[in-house]
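Comments concern the structure below.
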Amino acid sequence: MGAPIINAAEFAAFVLVFLRTSTLVVFAPIMGATNVPTQVKAILCLMLTFAIAPRVAYPAEMMPMTWYGFVFLGLGEFMISFTLAFMVRLVLEAAHIAGEYVSFQMGLSMLNAMDPQSGGQMPTLALLIHMMMSLVFLYANGHMLVIKALTQSFQVAPPGLLNIWRPEVFTEIIKAMAGMYVLALKIAAPMVAVLFCIKVAFGITAKAVPQMNIMFVGIPVYIIVGFLVIGFALPWWPQLLGRALISVDLSLGRVLGFLAPAAQ
């Protein structure tokens with residue numbers, strides 16, 4: 001029994017599929033976290049590549065004859081997977097922004113802890129909100145949304161046949177970034193509104209009773225009331241994240257439509 005013959009076009013398709021898959025896994029939320037072992041990421045990339053590559057057709061005449069031509073194709077694979085992962089990642093970054101703002105309002109912005117996903121420092125309350133939203137993200141199958149976008153990208157934009165530079169793609173990215181700030185405002189709105197009312201009440205009290213140390217009395221009240229409002233707002237967060245994921249799914253569908261060669 002002779003050795004299997006490896007077709008050059010099939011090997012090129014496998015390499016390009018692996019580049020797109022590995023880039024998405026590295027930059028995707030949850031899967032690309034720094035606390036996920038590198039071995040797990042590598043195994044996930046190979047599993048997805050072996051599952052997708054046999055279904056991807058790569059014309060032999062499209063294979064570049066020079067190394068810089070292949071590098072250009074690899075850059076295109078990097079751009080498309082980074083775009084998809086970035087748009088989904090914005091959903092969880094909204095929780096980070098909301099946590100930063102709520103921490104500032106509650107007077108806890110100086111209390112930092114290490115974020116196990118990014119490896120950086122962030123306020124403890126922001127980390128708490130981010131971890132809660134990450135659990136809701138997994139419960140809502142947000143990670144499956146990433147894999148779904150990856151598989152659909154190979155159907156509409158096979159390796160070497162994509163149009164990542166269309167202005168409509170960047171328009172969708174800008175809209176997704178604007179949606180991130182809207183979602184962050186919705187998450188933080190209950191806490192910010194209640195704390196604002198309390199600060200106004202303390203301001204009036206400070207004018208009426210100048211002898212009272214508002215700074216000494218106010219900080220514990222901000223913290224206690226802030227955590228109480230967070231507890232009451234928790235049932236509202238899955239609905240917000242669910243709507244955001246639906247919006248991202250629709251936006252990814254439009255982006256994939258713009259990437260299709262037939263849309264040129």
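Here is a yes/no grid of residues against (1) modelled with pLDDT under 85; (2) among the charged types (D, E, K, R); (3) surrounded by 12 or more Cβ atoms within 10 Å (Cβ to Cβ); (4) part of a helix (DSSP H, G or I):
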residue	(1), (2), (3), (4)
Phe196	no, no, no, yes
Ala201	no, no, yes, yes
Met212	yes, no, yes, no
Met215	yes, no, no, yes
Ala233	no, no, yes, yes
Leu241	no, no, yes, yes
Phe258	yes, no, yes, yes
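Would you mind stating whether Glu77 is of a type in the set (D, E, K, R) and at pLDDT 75 or above?
Values: of a type in the set (D, E, K, R): yes; at pLDDT 75 or above: yes.
So Glu77 fits the description; yes.
Could you go through the range 170-193 and let me know if any residue there is in a helix (DSSP H, G or I) and modelled with pLDDT under 85. Scanning the range 170-193 turns up at least one residue that is in a helix (DSSP H, G or I) and modelled with pLDDT under 85. Leu108 meets all of the listed conditions (1) part of a helix (DSSP H, G or I); (2) modelled with pLDDT under 85; (3) over 18 Å from Ser22 (Cβ atoms) but one, namely (1). Looking at Ala149, is it under 20 Å from Arg254 (Cα atoms), crowded, with 18+ Cβ neighbours inside 10 Å, out of contact with any Pro (no Cβ under 9 Å at 6 or more places or on another chain) and modelled with pLDDT of 80 or more? Judged against the criteria, Ala149 is a match. The residue of the range 27-54 that is nearest to Glu93 (Cα to Cα), among those that are among the β-branched types (Val, Ile, Thr) and touching a residue at least 40 places away in the same chain (Cβ under 8 Å), is Ile30. With respect to (1) out of contact with any Asp or Glu (no Cβ under 9 Å at 6 or more places or on another chain); (2) touching a residue at least 40 places away in the same chain (Cβ under 8 Å); (3) part of a helix (DSSP H, G or I), the lone exception for Leu19 is condition (1).
The values are calculated or read from the model by the stated rules, or taken from the named source; none is laboratory data. The structure displayed is predicted, hence computed values, not measured ones. All Cβ positions, even for glycine, are placed from backbone atoms using ideal geometry, and neighbour counts span all protein chains on display.
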